[in-house]
Structure formats: structure tokens, C-alpha cells
Amino acid sequence: MMSRLRSHRWWIYIPLLMAALFYLIPMYVMLVTGFKGFDEVSLKTMWDLPKAIRFDNFIEAYQKLAPFLWNSLNMVFPAAIISSILGSVNGYVLAKWKFKGANIIFPAILFGMFIPYQSIIIPLVEFMRDVNMYGGLPGLVLAHVIYGIPITTLTFRNYYANVPTELIEASRIDGCGILSSFWHILLPISAPAFVVVIIWQFTSAWNDFLFAVVLTSPSNWPITVALNNMAGSQIIAWNVQMAGSFLAALPTLLIYIFLGRYFLRGLMAGALKG
Amino acid sequence: MRIKRETVLSVALVTPSILAIAVFVYGFIGWTARVSVSQWKGLLPDYTFVGLENFIGLFNDPRFHIDIRNTLIFTIIFVIGSLIIGLGLAILLDQNIKGEGIFRSLYLFPMAISFIVTGVVWRWLMNPAAGSRMSGLNLLFDSLGLDFLVSQWHTTPYWGIAFIAIPAIWQMSGYTMALYLGGLRGIPVQLREAAQVDGANEFQIYRFIILPLLRPITLSAMIILGHISLKVFDLIIAVAGKQLPLDVPAIYMWQTTFDGYFFGRGAAIGILLLLSVAVLIIPYLIFTLRTEAEL
């Protein structure tokens, strides 16, 4: 087909490249600024390339943000793993063991992923105070696990729905019960779904601000809260803020670069299009 | 017997999650609703019933009027901007071009970054300082001879909130592109070929065949983007801090509750936010799940 010929339409690349520029500008500024030496940093020259690669800004930003980066790391791994396990069990039952009422329960669970958390945050804080988890990281993990259940359940349910039910039935004829079918048949083929869900939960817990700012005390702040605080202060120079932003974005950026395919799948699940 | 036992077991497996959602989503919404009709001010809970006083107070509150106006302006610009850029890029990427994968990744990567990081970087890009202190995009435009683009950004009187939509579009338009691209890939090639055989030109094919087929995607995208913009909060804080001209309900809620201890009023804002999201999401959920069941 003529219209499918590549050489025919060189002009298409003009808007595509312009758009790429739009998406890259903030990255450019973050990196160029980060790699400049302190003597070179000036708002007047913020678009210029560094004369030499220096790490002053990154070192200073890391010194200021290191404890908070560790808080985030300590919080996101348990949050992502626990909510994935819950999601896979729920997804299995909802896809393959439709009990009475499952048709009402599923949408009722899903609604939980769209609610504005402002509508539950006051009771959540009260609850955390009551169970003595207010201010610490375990409470934040608990919040991410519970409010992660809808999206993880949805992803696993859609994934398991595509597994032929005959597989389960065959295993039942061989004497498997509900748990051993899950353990022997579904779990071994669940790796792709686990990757999608863990990446998704990792990213959203890492990037979360609302739960973090409300539920944690300053020594337990995750990186988003610490970075925002740094940006709001008059003392810390903008170049260090830029380097700090890059450090805060790095873990999820790396995941995106190396596992982007799965990340995209997680996004699509969020649009209810598993 | 075995069947019965297994049914019980299957229910038992999902019970912890169902209970968690029942308590932490629905129970807590109920609790917030109760706070929203109470006179709770200050550190100690006070559930004395005051009816709709908090809600009436909000609707007479000039700050809440600013919030509603800002949310509307932000939503319109953010949703329309993301849809247009997303659709445009998806159509361009669908032309069988070289390096499609690279372009797609470049457009999508902002999704991996937090609103806080986006906000901090854009705070410096949208620096409104003028004259010799000019920096950020203004400096870039100025040195490229594009002076007419130099702007006061989010400090523009009255319309500042519109500029906050720019970083939001930066972050979410790639996602919209991915939604549309998925939709375009789902359209059978035969449909286009048949139209070409009938003598339709490229423009007509898009106008009369492809765009109508993408309508459900537009609807999903509008609902997803719309509910994000109702909740927008951290992006504004990171770009501009808390300031009245750029206030939105989510920021008001946070400040009045956790800085001012007006729990009753904060809860009322939370409930209003929930209702506005529910109006969008509940029909969407019902519709999507019903279509899914029919397949």
C-alpha cells in the first residue's frame, strides 16, 4: 500500500521530534544542572551544557536525602510484595471460583481504587493512632497494602481469566483441591502478572505523597515528602533541588527503562482494560 | 460435600481482603460522613451532630468558590490538552514509522515519575522572574527570539491555575497516547482497506471511520483524566506551595484538617470530592463490567 510506505512521509517526524523535545526538556534541565559544578551553577546559564562533569550537586543532594531514600525503599518492597500476594489469591478466586455475590463484590472492591483518599484520610489517621502505628513506616505500608488491593486484584483476575478453566478442572479430576490447584497450576505461570503488579505497586507507593505526608513523622518521611520540603525551603539552592529530584525519580525511571513493557501493562490494567 | 467445602474455602480466601476493603474503604467513608456532620474542631474528636452546617459553610465560603473555579479550569485544560496531544501522537505513531518504540517510550516515561518530582522541576522551568533575573523557559524563549511566549506562568493573575495544567499534561498525555494507540491497533486493517478501495482519502478514513471507532477510548480517557484532576494536589503543592490563587479542594481539605484542626469541615470537603468522583466512576464501572460480561 502506498500510504504505508515509510520514505513517503518524512514530515511526520517533525511533530514527533517536537513532542519528544517537549517530554525531554525537564529531564535535560535536571541532568545538565545536576552535573555542573557549584561554581558553574547560575540561573542565567541553566540551559548551557556543563563545562566538565561534576558530581557536587548529586553528592550534596544525596547527603540531604539519603535517610529519606532509605525510608522509601524500606517501605515500598513490603508494600508491593504483600499487596501482590493478596491480589493473586483474590484474583484466583474471583476468576475461577465465582461464588454467589462475586458479581457485586468485585465492582465494590474496584471502586476502592478510584476514591479520593481525602474521603478516608481522617479515619485512617485516627485508626493509626488507635493501633499505635501513627508516624511510622509500618502504618504507611499497611495503607499501601490495603488501598492497593483493588488494582492488584483486578490485574490478577484479568490475567487468570485468560487461563483456560479446563486446566483447573483437569487438576481437580487428578485430586487437587482449591488450594493445590492454585499452588501447582496457576502460581507457576503467574510470574508475568506478578512482575506487572509488583512494578505497579512499587511505582505508586514510591510516588505517593498524600499518605506519606499525613501518616509519617519527619524521621520516617519517604522521599516525596522530603523532596517537597526541600523545594519549599529558601536555604537549599535550586541546583541541589534539581539533583535531588533526579535521585528521587531514579528508581522508578530505572524500572521504566528496563521493565517498561510490564509497566505499560500495569497502566492499562488501571484503565480496566486488562 | 467436597463442592460445598470448597465454596466455603474459596470465600474464606478472599475474606481478609473483603473485610479490609469493607472497613478501610466503606467503613471509613461512613466514618468521614459522620465527621462531616459533626462540629469537631480541635485535637479531640467531638461528634456532636450539627446537620449540614459544614457543607452550607463551604458553599458560602469564598475560598471554596475559588477551589471549584480552579478545579473546573484545570480540569478542562488538562483533559482537553491531554486528549488532543494523546490522540495526535497516537495517530502519528500509527503511520508505520521508524523508531516507533523509542518515540513511544519517550512520550510515556513521565508517567513513571511522581507529581512531586515533576512539580519541583517545572517550578524552575516556569520561573516567572523578569528582566535580568529571567530564567527557565522564559529565558529559553527570550534567547530563541520567541519573546511572545514569555509568560508569568502560574503567577498570572486570575488564570494562574491554567498553567499548572501544563506539567500535568506533560505527565499524562503520554498515557493518553498509549490508550489511543491501543485502540488504533484494535481496528481491523480490512476496514481501512475497504474504505481505500471505495476511494476514501486518508483524511476521510480518519474522519468517518477511525475517530468514531475511538469514541469509547475517549470516554475512558476522559473519566480517568477527570478523576485525576479532581484529586490534583501534590503537583500544585510542588510547583507553587500552598497559596490561595492556586487553591483546590484537596489542598483546602489537607490544610483545614491537619494544619487547622477543622475536622468537620475537612471531612465535608472529603465527602464532596468523593461524590464528584463517584458521579464519574460508578457509571463507568457498571458500563465496563457489563460490556465485559457480554463478551
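The values are calculated or read from the model by the stated rules, or taken from the named source; none is laboratory data. None of the values given here were measured: they were computed from a predicted structure. Counting neighbours? That spans all protein chains shown, and the Cβs are built from the backbone with ideal geometry, glycine included.
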>> Just to be sure I understand the filter: pairs with C-beta atoms under 6 Å, separated by 6 or more residues or on different chains, first member in segment A:74-97 and in the same structural domain as A:Trp206 (by TED's automatic domain parsing), second member assigned to a helix (DSSP H, G or I) and among the charged types (D, E, K, R). Which pairs pass?
In response: A:Gly91/A:Arg157; A:Leu94/A:Arg157; A:Ala95/A:Arg157
> How do the helices (runs of 4 or more DSSP H) wholly within segment A:96-205 filter down when requiring 1 or more residues that are crowded, with 21+ Cβ neighbours inside 10 Å and among the small types (Gly, Ala, Ser): which remain?
Replying inline: A:137-161, A:178-181
> Taking segment A:52-94 as the search range and keeping residues that are over 27 Å from A:Ala243 (Cα atoms) and of a type in the set (Val, Ile, Thr), which one is surrounded by the most Cβ atoms within 10 Å (Cβ to Cβ)?
Replying inline: A:Val93
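Listed here are the residues, each with its yes/no results for (1) within 25 Å of A:Gly148 (Cβ to Cβ); (2) free of Cβ contacts under 8 Å to residues at least 60 places away in the same chain; (3) out of contact with any helix residue (DSSP H, G or I) (no Cβ under 9 Å at 6 or more places or on another chain); (4) within 10 Å of chain B (Cβ to nearest Cβ).
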{"position": "A:Val196", "(1), (2), (3), (4)": "yes, no, no, no"}
{"position": "A:Ile199", "(1), (2), (3), (4)": "yes, no, no, yes"}
{"position": "A:Asn207", "(1), (2), (3), (4)": "yes, yes, no, yes"}
{"position": "A:Phe211", "(1), (2), (3), (4)": "yes, no, no, no"}
{"position": "A:Leu215", "(1), (2), (3), (4)": "yes, no, no, no"}
{"position": "A:Trp221", "(1), (2), (3), (4)": "yes, no, no, no"}
{"position": "A:Leu227", "(1), (2), (3), (4)": "yes, no, no, yes"}
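Conditions tested, residue by residue: (1) more than 9 Å from chain A (Cβ to nearest Cβ); (2) in contact (Cβ under 8 Å) with a residue 12 or more places away in the chain.
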position: B:Gln204; (1), (2): yes, no
position: B:Leu214; (1), (2): yes, yes
position: B:Ala221; (1), (2): no, yes
position: B:Asp247; (1), (2): yes, yes
position: B:Arg265; (1), (2): yes, yes
position: B:Pro283; (1), (2): yes, no
position: B:Thr291; (1), (2): yes, no
>> Any residue that is modelled with pLDDT under 90, at the interface with chain B (Cβ under 7 Å from one of its Cβ atoms) and in contact with an Asp or Glu (Cβ under 7 Å, 6 or more places away or on another chain) - is there at least one of those in segment A:19-41?
In response: no
> Restricting attention to segment B:81-130, which residues are part of a loop (DSSP other than H, G, I, E, B), out of contact with any His (no Cβ under 7 Å at 6 or more places or on another chain) and under 30 Å from A:Gln234 (Cα atoms)?
Replying inline: B:Ile113, B:Ser114, B:Asn127, B:Pro128, B:Ala129, B:Ala130
>> Considering only residues that are within 8 Å of another protein chain (Cβ to nearest Cβ) and more than 19 Å from B:Ala238 (Cα to Cα), which ones fall in segment B:110-133?
In response: B:Arg133
>> Condition first: surrounded by fewer than 19 Cβ atoms within 10 Å (Cβ to Cβ) and within 30 Å of B:Arg63 (Cβ to Cβ). Now tell me which residues in segment B:269-295 satisfy that.
In response: B:Leu275, B:Ser276, B:Ala278, B:Val279, B:Leu280, B:Ile282
>> Are there helices (runs of 4 or more DSSP H) fully within segment B:1-75 with at least 3 residues that are under 26 Å from the mean Cα position of the chain (by Cα)? List them.
In response: B:28-36, B:53-59
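Yes/no per residue for (1) closer than 25 Å to B:Glu6 by Cβ; (2) in contact with a Gly (Cβ under 6 Å, 6 or more places away or on another chain):
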{"residue": "A:Ile82", "(1), (2)": "no, no"}
{"residue": "A:Ser88", "(1), (2)": "yes, no"}
{"residue": "A:Gly91", "(1), (2)": "yes, no"}
{"residue": "A:Lys96", "(1), (2)": "yes, no"}
{"residue": "A:Gly101", "(1), (2)": "yes, no"}
{"residue": "A:Ile121", "(1), (2)": "no, no"}
{"residue": "A:Met128", "(1), (2)": "no, yes"}
{"residue": "A:Asn132", "(1), (2)": "no, no"}
{"residue": "A:Val145", "(1), (2)": "no, no"}
